[in-house]
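K.L.:
Starting off with a structure, shown below.
The values are calculated or read from the model by the stated rules, or taken from the named source; none is laboratory data. Everything quoted here is computed from the prediction, not taken from an experiment. In this analysis, Cβ positions are derived from the backbone assuming ideal geometry, glycine residues included, and neighbour counts consider all displayed protein chains.
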Amino acid sequence: MIEKEEYIKKLHSYLKKYVASDPTPGEEALYKPVDIYNVPKKEAEEYKYKSIKYIFKHHYENNSFYHDYCKENNVSPDDIKSIEDFNKIPLIADKFFKSYPEGREFAMWLATLYTGELPSIVIKKKDDHDGIINKFREAGLVVTYSSGTSGKHTFIPRSQRTFNAAEYAIAKSAITMLYPEWEYDINGYLLMPHPFKTNVFAGKVCGMYFDVIKDVRVALERELSADLIQQAMQTNLKGRVIRYAMQRETNKIIDRIINWLRKNDKEGNKISFIGAPFLLYFVMEKLEKDGEYFNFGRKGSIVTGGGWKIYEDKRISTEDFRKKVEEILGIPQELCLDLYGMVEGNGWMTQCPEGHYLHVPNTYYHVRVIDENGEDVAYGEKGRFAFLDGLAHSYPGFIVSGDEVRMYEECPVCHRSTPVLAPEVKRARGSEMRGCAEEMRRVLSMDMGGADA
Ligand SMILES: [Zn+2]
């Protein structure tokens with residue numbers, strides 16, 4: 001069996017293009033640890049203190065909107081002398097990132113969020129969101145979004161540097177937890193929109209998949225734009241027509257995945273899936289109906305992310321999902337892991353194989369769970385997920401989300417040193433439904449009435 005240090009070194013060599021030549025403390029805290037989820041507590045805290053202190057000062061000094069916000073809250077970098085002081089760092093509500101104006105002012109609004117100088121672009125009247133985003137892309141900026149049920153998108157402006165860190169982090173997070181099963185010689189299926197044809201964050205951030213394994217198929221090959229997502233969610237005739245067309249496409253996607261499974265099974269190849277659980281769920285439902293079962297064993301691995309809604313009115317638990325995976329694909333439950341992240345952040349909470357609790361990468365990512373008054377709740381209590389992100393270099397990543405979580409100081413099952421979240425993350429009451437997989441599920445929905453609900 002490959003030593004863990006050798007394994008992570010090998011991974012690092014495949015991820016070279018994402019590595020910053022002049023790393024910030026946050027980036028060092030990402031690259032250096034062999035096991036990002038099991039750094040001795042004191043060492044992890046040193047990394048984290050340096051990462052967050054540095055990034056807070058950076059935004060305080062280079063982002064005028066955030067600077068003013070800190071002034072209003074009477075906080076400056078000099079007030080941060082220990083990890084306990086992190087609670088003084090002003091948090092931004094996730095709603096803020098979707099309070100954008102339309103048209104030309106959209107670019108101005110992005111400039112407000114951006115820390116540093118936004119590249120200048122020329123916007124024409126006909127440019128929609130994706131048009132403006134693609135122009136920024138040509139100028140070296142990666143703007144991505146995620147959408148909610150209201151049809152409003154959350155836009156986050158990442159510099160190439162910040163986006164690279166997000167990609168490096170997602171690859172390292174998943175592959176660390178899958179130790180020692182990852183190797184380059186694997187055939188993969190991405191259950192997401194094509195990373196190079198979409199600005200949907202959950203799709204785009206999976207670009208690293210093409211670097212770490214030999215062959216990647218993509219479930220949704222067509223371009224998925226903000227406007228298409230918005231139209232597909234509408235209750236009018238146009239929305240219905242789009243959903244009807246997409247439903248036929250979904251059936252074709254399922255057949256393609258099944259054929260791919262058969263081929264790899266026959267050839268004895270190692271396989272991997274990454275992406276939205278609902279698509280694989282549909283695949284498994286079809287296989288089960290037809291009485292077709294596979295036995296990939298440790299030759300298969302699955303990393304899911306995003307919404308656990310299968311249909312508009314049906315949610316599945318991560319536990320039921322991996323039981324089904326074991327039963328139908330023969331992939332053991334410890335190689336079926338869920339990963340929790342969001343468009344606003346660059347940290348990935350990843351399930352451990354032993355207990356399927358979501359471990360926090362605490363060398364560069366500081367998680368708080370807070371109540372309505374912004375106070376920390378006790379370990380084990382329910383509250384809002386908030387985080388300070390040491391990798392968010394191009395926008396202030398000090399954010400309180402609409403997700404409801406429970407955090408524990410230690411994993412109840414495994415030996416890793418990091419704090420964990422309980423496996424089931426839900427949207428807090430009053431927050432709209434969204435998530436990595438949610439926009440894709442809504443577009444590819446199998447239940448025709450879906451988006452009307
Ligand atoms: Zn654990």
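K.L.:
Within region 13-22, count every residue that is surrounded by fewer than 22 Cβ atoms within 10 Å (Cβ to Cβ) and either outside any loop (DSSP other than H, G, I, E, B) or touching a strand residue (DSSP E or B) at 6+ places or on another chain (Cβ under 9 Å) (or both). Let's see the steps before the verdict.
P.N.:
So the first thing to find is which residues in region 13-22 are surrounded by fewer than 22 Cβ atoms within 10 Å (Cβ to Cβ), and the list is 13-17, 19-22.
Next cut, either outside any loop (DSSP other than H, G, I, E, B) or touching a strand residue (DSSP E or B) at 6+ places or on another chain (Cβ under 9 Å) (or both) only: 13-14, 16-17.
Total meeting the criteria: 4.
K.L.:
Just a yes or no: is a residue in region 75-90 surrounded by fewer than 17 Cβ atoms within 10 Å (Cβ to Cβ) and modelled with pLDDT under 95?
P.N.:
no
K.L.:
For Leu280, state whether it is in contact (Cβ under 8 Å) with a residue 40 or more places away in the chain and not basic (Lys, Arg). Can you show your working first?
P.N.:
On the way: in contact (Cβ under 8 Å) with a residue 40 or more places away in the chain: yes; not basic (Lys, Arg): yes.
So Leu280 fits the description; yes.
K.L.:
What tally of residues in region 330-354 results from selecting those that are in contact (Cβ under 8 Å) with a residue 60 or more places away in the chain and over 25 Å from Met208 (Cα atoms)?
P.N.:
The first filter runs over region 330-354 and keeps only residues in contact (Cβ under 8 Å) with a residue 60 or more places away in the chain, leaving 335, 337-344, 346-354.
This time we only want the ones that are over 25 Å from Met208 (Cα atoms), so: 354.
Of the residues in that region, 1 qualify.
K.L.:
Further question: Checking Glu327 against (1) assigned to a helix (DSSP H, G or I); (2) surrounded by fewer than 22 Cβ atoms within 10 Å (Cβ to Cβ); (3) within 16 Å of the ligand (Cβ to nearest atom): exactly one of these is not met. Which one?
P.N.:
The single condition Glu327 does not satisfy is (3).
K.L.:
Within region 358-373, is even one residue assigned to a strand (DSSP E or B), within 16 Å of the ligand (Cβ to nearest atom) and crowded, with 24+ Cβ neighbours inside 10 Å? Working first, answer last.
P.N.:
First pass over region 358-373, keeping only residues assigned to a strand (DSSP E or B): 358-359, 365-370.
Now restrict to residues that are within 16 Å of the ligand (Cβ to nearest atom): 358-359, 367.
So of that shortlist, the ones also crowded, with 24+ Cβ neighbours inside 10 Å come out as 358-359.
Checked region 358-373: at least one residue is assigned to a strand (DSSP E or B), within 16 Å of the ligand (Cβ to nearest atom) and crowded, with 24+ Cβ neighbours inside 10 Å.
K.L.:
Please specify each residue of region 157-196 satisfying the condition of being of a type in the set (Val, Ile, Thr) and under 11 Å from Ser301 (Cβ atoms).
P.N.:
Taking region 157-196 first, the residues of a type in the set (Val, Ile, Thr) are 162, 170, 175-176, 186.
Correct list: Ile175, Ile186.
K.L.:
Right, something else. In this structure, does Gly347 turn out to be touching a Phe, Trp or Tyr at 6+ places or on another chain (Cβ under 8 Å) and either under 19 Å from Ile175 (Cα atoms) or of a type outside the set (D, E, K, R) (or both)? Spell out how you get there, then give the answer.
P.N.:
Details: touching a Phe, Trp or Tyr at 6+ places or on another chain (Cβ under 8 Å): yes; either under 19 Å from Ile175 (Cα atoms) or of a type outside the set (D, E, K, R) (or both): yes.
Spelling it out, Gly347 is indeed touching a Phe, Trp or Tyr at 6+ places or on another chain (Cβ under 8 Å) and either under 19 Å from Ile175 (Cα atoms) or of a type outside the set (D, E, K, R) (or both).
K.L.:
If a residue has to be touching a residue at least 24 places away in the same chain (Cβ under 8 Å), acidic (Asp, Glu) and either assigned to a loop (DSSP other than H, G, I, E, B) or more than 16 Å from the ligand (Cβ to nearest atom) (or both) to count, how many in region 311-324 make the cut? Walk me through it before giving the result.
P.N.:
To start, the set of residues in region 311-324 that are touching a residue at least 24 places away in the same chain (Cβ under 8 Å) comprises 311-313, 316-319, 321-322, 324.
Remaining after also requiring acidic (Asp, Glu): 312-313, 319.
Still in the list and also either assigned to a loop (DSSP other than H, G, I, E, B) or more than 16 Å from the ligand (Cβ to nearest atom) (or both): 312-313.
Residues meeting the conditions: 2.
K.L.:
For region 43-54, does any single residue satisfy the condition of being in a loop (DSSP other than H, G, I, E, B), at pLDDT 95 or above and either of a type outside the set (Lys, Arg) or in contact with a Lys or Arg (Cβ under 6 Å, 6 or more places away or on another chain) (or both)? Break it down stepwise before answering.
P.N.:
Taking region 43-54 first, the residues in a loop (DSSP other than H, G, I, E, B) are none.
The answer is no, given that none of the residues of region 43-54 is in a loop (DSSP other than H, G, I, E, B), at pLDDT 95 or above and either of a type outside the set (Lys, Arg) or in contact with a Lys or Arg (Cβ under 6 Å, 6 or more places away or on another chain) (or both).
Residue by residue, here is whether (1) more than 16 Å from the ligand (Cβ to nearest atom); (2) among the small types (Gly, Ala, Ser); (3) farther than 30 Å from Phe96 by Cβ holds:
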| position | (1), (2), (3) |
| --- | --- |
| Leu335 | no, no, yes |
| Asn346 | yes, no, no |
| Gln351 | no, no, no |
| Gly355 | no, yes, yes |
| Tyr395 | yes, no, no |
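K.L.:
With Tyr66, Tyr37 as the choices, which residue is in contact (Cβ under 8 Å) with a residue 40 or more places away in the chain, of a type in the set (Ser, Thr, Tyr) and outside any loop (DSSP other than H, G, I, E, B)?
P.N.:
Values: Tyr37 fails: outside any loop (DSSP other than H, G, I, E, B).
Of Tyr66, Tyr37, the one residue that is in contact (Cβ under 8 Å) with a residue 40 or more places away in the chain, of a type in the set (Ser, Thr, Tyr) and outside any loop (DSSP other than H, G, I, E, B) is Tyr66.
K.L.:
May I ask you to list the residues in region 399-419 that are basic (Lys, Arg) and within 12 Å of the ligand (Cβ to nearest atom)? Full working, then the answer.
P.N.:
Step one: of region 399-419, the residues basic (Lys, Arg) are 406, 416.
Within region 399-419, Arg416 is the sole residue that qualifies.
K.L.:
Cβ-Cβ below 8 Å, separation at least six or inter-chain, first residue in region 373-394 and closer than 17 Å to Leu358 by Cβ and without any contact (Cβ under 8 Å) to a residue 60 or more places away in the chain, second of a type in the set (Asp, Glu) and part of a strand (DSSP E or B): which pairs?
P.N.:
Taking only residues 6 or more apart or on different chains, the pairs are Lys382/Glu404; Gly383/Asp376; Gly383/Glu404; Arg384/Asp403; Arg384/Glu404; Phe385/Asp403; Phe385/Glu404.
K.L.:
Answer yes if at least one residue in region 283-306 is at pLDDT below 95, surrounded by fewer than 13 Cβ atoms within 10 Å (Cβ to Cβ) and out of contact with any helix residue (DSSP H, G or I) (no Cβ under 6 Å at 6 or more places or on another chain), and no otherwise.
P.N.:
No - not one qualifying residue is present in region 283-306.
K.L.:
Looking at Glu181, Glu221, which is the one that is out of contact with any Phe, Trp or Tyr (no Cβ under 8 Å at 6 or more places or on another chain), of a type outside the set (A, V, I, L, M) and under 17 Å from Val325 (Cβ atoms)?
P.N.:
Within the list Glu181, Glu221, the selection yields Glu181.
K.L.:
Still on this structure, I have one more. Would you point out the residue of region 420-430, among those that are more than 12 Å from the ligand (Cβ to nearest atom) and outside any loop (DSSP other than H, G, I, E, B), that is surrounded by the fewest Cβ atoms within 10 Å (Cβ to Cβ)? Lay out the reasoning, then the answer.
P.N.:
Start the filter on region 420-430 by keeping residues that are more than 12 Å from the ligand (Cβ to nearest atom), which leaves 424-430.
Applying the additional criterion that residues be outside any loop (DSSP other than H, G, I, E, B) yields 426-427.
Working: Lys426: 14, Arg427: 18.
Among those residues, the one meeting the criterion is Lys426.
K.L.:
Also: Could you tell me which residue of region 340-377 is farthest from Glu292 (Cα to Cα), considering only residues that are at pLDDT below 95 and not charged (D, E, K, R)?
P.N.:
The selected residue is Asn373.
K.L.:
Now for a separate question. Somewhere in region 23-31, is a residue hydrophobic (A, V, I, L, M, F, W, C), in contact (Cβ under 8 Å) with a residue 12 or more places away in the chain and assigned to a helix (DSSP H, G or I)?
P.N.:
For region 23-31, residues hydrophobic (A, V, I, L, M, F, W, C), in contact (Cβ under 8 Å) with a residue 12 or more places away in the chain and assigned to a helix (DSSP H, G or I): present.
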